[in-house]
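Enquirer: Got a structure for you, written out below as structure tokens; questions coming shortly.
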Amino acid sequence: MRTAGLRPTRQRIALADLLFAAGDRHVSAEALHEEAQAAGFSVSLATVYNTLHQFTEAGMLRIVQVEGARTHFDTNVSDHHHFFIEDENLVFDIPSGRVEVKNLPEPPEGTEIANVDIVVRLRRKVR
Ligand SMILES: [Zn+2]
């Protein structure tokens, strides 16, 4: 946290423990707030939300923006793509190397492609 330029307050440490203890994951502010409550850590949803955005600005998290879904914060900040199960508001990684993007447009003059985020939307099969 210090290397990211953030003062390690008690709340930030507690939330970072919850976030990063379990390996790569995708979590919404609401879900992390519930986890904090369950762990007996009293914190407001607004504080959780602010802290997640501070972690993101510090490069410790990245945001997975899925239209029509809650904002998910990803503890894996490397470039990768996601599956999204619409009815369950569930985001998870597509294994690396499984997506090949071809024929991207030439970026307009003076710009370059920063990254390409792919979200593959899923639904459970009805049977
Ligand atoms: Zn991810």
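Enquirer: Which ones in the stretch 99-122 are exposed (fewer than 10 other Cβ atoms within 10 Å of the Cβ) and touching a residue at least 12 places away in the same chain (Cβ under 8 Å)? Outline the logic, then answer.
Expert: Residues of the stretch 99-122 that are exposed (fewer than 10 other Cβ atoms within 10 Å of the Cβ), as a first pass: 100-106, 108-112, 114-115.
Result: Val101, Leu104, Asn115.
Enquirer: Turning to a different aspect of this structure: Can you name every residue in the stretch 64-95 that is outside any strand (DSSP E or B) and within 14 Å of Val120 (Cβ to Cβ)?
Expert: The answer is Val66, Glu67, Ala69, His80, His81, Glu86, Ile94, Pro95.
Enquirer: So which residues in the stretch 50-75 are within 15 Å of Ala14 (Cβ to Cβ) and away from the ligand (no atom under 16 Å from the Cβ), if there are any at all?
Expert: Residues of the stretch 50-75 within 15 Å of Ala14 (Cβ to Cβ): 50-52, 54-55, 60.
Once the filter is applied, which keeps residues that are within 15 Å of Ala14 (Cβ to Cβ) and away from the ligand (no atom under 16 Å from the Cβ), the stretch 50-75 yields Asn50, Thr51, Gln54.
Enquirer: Looking only at residues in the stretch 17-26 that are within 16 Å of Gln54 (Cβ to Cβ) and within 16 Å of the ligand (Cβ to nearest atom), which one is surrounded by the most Cβ atoms within 10 Å (Cβ to Cβ)?
Expert: Filtering the stretch 17-26 down to residues within 16 Å of Gln54 (Cβ to Cβ) leaves 17-20.
Next cut, within 16 Å of the ligand (Cβ to nearest atom) only: 19-20.
Numbers: Leu19: 19, Phe20: 14.
Step by step, filter the stretch 17-26, then rank; the result is Leu19.
Enquirer: Could I ask something else about it? Just to be sure I understand, how many residues within the stretch 33-83 are surrounded by 19 or more Cβ atoms within 10 Å (Cβ to Cβ) and over 12 Å from the mean Cα position of the chain (by Cα)?
Expert: Adding up the residues that qualify gives 4.
Enquirer: Return yes or no: is Ala29 of a type in the set (Gly, Ala, Ser), more than 30 Å from Val126 (Cβ to Cβ) and surrounded by 15 or more Cβ atoms within 10 Å (Cβ to Cβ)? It would help to see each step written out before you state the result.
Expert: Working: of a type in the set (Gly, Ala, Ser): yes; more than 30 Å from Val126 (Cβ to Cβ): yes; surrounded by 15 or more Cβ atoms within 10 Å (Cβ to Cβ): yes.
Yes; evaluated as a whole, the condition is true for this residue.
Enquirer: Those residues that are under 21 Å from Glu30 (Cβ atoms) and free of Cβ contacts under 8 Å to residues at least 40 places away in the same chain, I need them from the stretch 68-89; list them, please.
Expert: Taking the stretch 68-89 as the starting set, the residues that turn out to be under 21 Å from Glu30 (Cβ atoms) are 68-76, 82-89.
Answer for the stretch 68-89, where residues must be under 21 Å from Glu30 (Cβ atoms) and free of Cβ contacts under 8 Å to residues at least 40 places away in the same chain: Gly68, Ala69, Phe83, Phe84, Ile85, Glu86, Asp87, Glu88.
Enquirer: Within the stretch 76-127, restricting attention to residues that are of a type in the set (S, T, N, Q) and under 24 Å from His53 (Cβ atoms), which residue is farthest from the ligand (Cβ to nearest atom)? Steps first, please.
Expert: Quick first cut of the stretch 76-127, residues of a type in the set (S, T, N, Q) only: 76, 78, 89, 96, 103, 111, 115.
If we keep only those that are under 24 Å from His53 (Cβ atoms) too, we end up with 76, 78, 89, 115.
Values: Asn76: 5, Ser78: 9, Asn89: 15, Asn115: 13 Å.
The extreme case among them is Asn89.
Coordinate-derived values only; no laboratory data. From a predicted model like this one, the values you see are computed outputs, not experimental measurements. Cβ coordinates were reconstructed from backbone atoms using ideal geometry, including for glycine residues, and neighbour counts include every protein chain displayed.
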